[in-house]
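**Student:** Just dropping this structure here.
Values in this text are rule-based calculations from the coordinates and carry no lab data. As the structure is a computational prediction, the values presented were derived from the model and not from experiment. Please note: Cβ atoms are built from the backbone with ideal geometry, for glycine as well, and neighbour counts cover all protein chains shown.
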Amino acid sequence: MSESTRITKKGQTTIPKDLREKYDLEPGDEVIWMDTDDGIVVKKRTRTSGRGMLVPDDTAEEKRQEIAEELGQRIRNRWDRNYEET
């Protein structure tokens, strides 16, 4: 399937209705724009679609675990700061 749309001066475009329905895209959903060797790919963002965005897919499991632990600690620290009694 192939359809074309125009890009506005603001850089916006409309996703054709049949594609929005087929991929269950609704107002407020996020999409990911990826630059590939074949051109631009647009995918609906899901909870798991971020995999590989923080580190390359070929990153060693040990390094991934280290990064995950660091990010988890940052989130806990931010949570603690946001909910400290003032």
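**Student:** When we measure straight from the Cα of K10, which lysines land under 29 angstrom away, once same-chain ones fewer than 8 places off are left out?
**Tutor:** Partners within reach: K22, K43, K44.
**Student:** Here's a follow-up. Note down the magnitude of the dipole of the chain about its Cα centre, charges +1 on Lys and Arg C-beta and -1 on Asp and Glu C-beta and zero elsewhere, to the nearest 20 debye.
**Tutor:** So the magnitude is around 500 debye.
**Student:** Sticking with this one: Calculate one ³J(HN,Hα) per residue across region 23-33 by plugging θ = phi - 60° into the Karplus curve 6.51 cos²θ - 1.76 cosθ + 1.60, and present them in order as whole Hz with x for glycine and proline.
**Tutor:** So the Karplus estimates, Gly and Pro as x, are 9, 6, 8, 10, x, x, 5, 9, 10, 10, 9 Hz.
**Student:** Moving to a separate point now. Under a straight-distance cross-link criterion of Cα-Cα below 19 Å, which aspartates and glutamates are reachable from K17, leaving out those fewer than 8 residues away in the same chain?
**Tutor:** Of all the aspartates and glutamates, those that pass the test against K17 - Cα under 19 Å, at least 8 places apart if same chain - are E3, E26, D29, E30.
**Student:** Match the structure shown to one of the listed values [x] 29; [y] 62; [z] 47 of percent of Cα pairs over 19 Å apart, computed from it, and give that label.
**Tutor:** [y]
**Student:** At 222 nm, what value in deg cm²/dmol follows for the chain if DSSP H runs of at least 4 each add -39500 (n - 2.57) and the sum is divided by all its residues, to the nearest 500?
**Tutor:** Helix-only estimate at 222 nm: -10500 deg cm²/dmol.
**Student:** On a full-extension model of 0.36 nm per residue, what is the gain between E62 and N77, subtracting their alpha-carbon distance, rounded to one decimal in nm?
**Tutor:** Stretched fully, the E62-N77 segment lengthens by 3.1 nm.
**Student:** If I take R0 = 22 Å and measure r between the Cβ atoms of S4 and D38 in this structure, what FRET efficiency does the formula 1/(1 + (r/R0)^6) give, to the nearest 0.05?
**Tutor:** 0.80
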